[in-house]
Amino acid sequence: MVYNYRSALRKLLFPGHCRLCGCATGTGPDLCQSCRCDLPWLGIACEQCARPLPASHAHALCGHCQKQPPAFDRTTALFHYRPPVDQLIRRFKFAEELQVGSLLSGLLAARLAARDADLPDLLLPVPLHPARLRSRGFNQATEIARHVGHKLEIALDYRLCRRKRNTRAQSLLCPNARRLNLRNAFAVCRPLEALHVAIIDDVMTTGHTGNELARTIKQAGAARVEVWVIARAGGQGAIGR
């Protein structure tokens, strides 16, 4: 009773404000309904890599995935990587606004909980090299995985894999260089007991990171690997025939 009273009083005295427009939401740090509706939600997309597709091609694979299937089996992405989502992710990733990360992770967890599919046995955040982790101070993929794992009651293992090389930032490279940059970049550090694993990251651009990590853990015994991200970068994909 005391806790409920204090919680209600806190909300009354310090109402939450929308992270985008600043208007009071009254329910803690969040987004107002108008800003939520205006977010660039990802609609019809390739089921394997989440590349956007025309509305007439629901439940289809893009041409790239048909010609060169990635090592991962399915991707769930919540948004297009466009304003204002790209700004929110940068605030979370580089300004350490962890409440923004919590907000985005909660929205991703809600989408995953509503889909008609089996949940994985284990969540695996994309690992950072120790030097990059020391420089940034935290791994944004681990923070997302913590929130999603808690909401969906899925185990998290951020020590299962390590990044063997301090690879260059993918955002600085062209697509072919990104693929070469990540070749043999990951290693499994302990026996893998889970058969169904979901890789967690903030953004998917070319998919090379998820592909290399999925290939690595499938070699270690995983039977099914998904990729879960907040946002998907890139334009509309071609339709394979």
*If the limit is 25 Å between Cα atoms, which of LYS67/LYS151; LYS67/LYS164; LYS67/LYS218; LYS164/LYS218 go over it?*
LYS67/LYS151; LYS67/LYS164
_Under the rule of at least 5 residues apart or a separate chain, name every residue whose amide H is placed under 5 Å from the amide H of GLY221._
none
_Under 12 Å from LYS93, Cα to Cα: aspartates and glutamates that are on another chain or at least 8 residues apart_ = GLU143, ASP201, ASP202
*With labels modelled as points extended 7 Å from the Cα through the Cβ direction, what inter-label distance (nm, one decimal) is found for ARG162 paired with ASP38?*
4.7 nm
*Apply the Karplus parameterisation 6.51 cos²θ - 1.76 cosθ + 1.60, with θ equal to phi minus 60°, to every residue of region 80-87 and state each ³J(HN,Hα) to the nearest whole Hz, in sequence, with x for glycine and proline.*
6, 7, 9, x, x, 5, 4, 5
*What ³J(HN,Hα) values, in whole Hz, does the Karplus curve 6.51 cos²θ - 1.76 cosθ + 1.60 give for region 196-202 when θ = phi - 60°, with x put for Gly and Pro?*
10, 10, 10, 7, 10, 8, 7
*Long-range amide H contacts for CYS21: which residues qualify at under 5 Å (H placed 1.01 Å from N, peptide plane, sequence gap of 5 or more or a different chain)?*
CYS32
*Which peptide among 201-214, 57-70 comes first, and what is the full order, when sorted by highest mean count of other Cβ atoms within 10 Å?*
201-214, 57-70
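Here, each number is a calculation from the coordinates, and none is a lab measurement. Since the model is a prediction, treat every value here as computed from it, not as a measurement. Methodologically, a virtual Cβ is constructed for each residue, glycine included, from the backbone with ideal geometry; neighbour enumeration extends over all protein chains shown.
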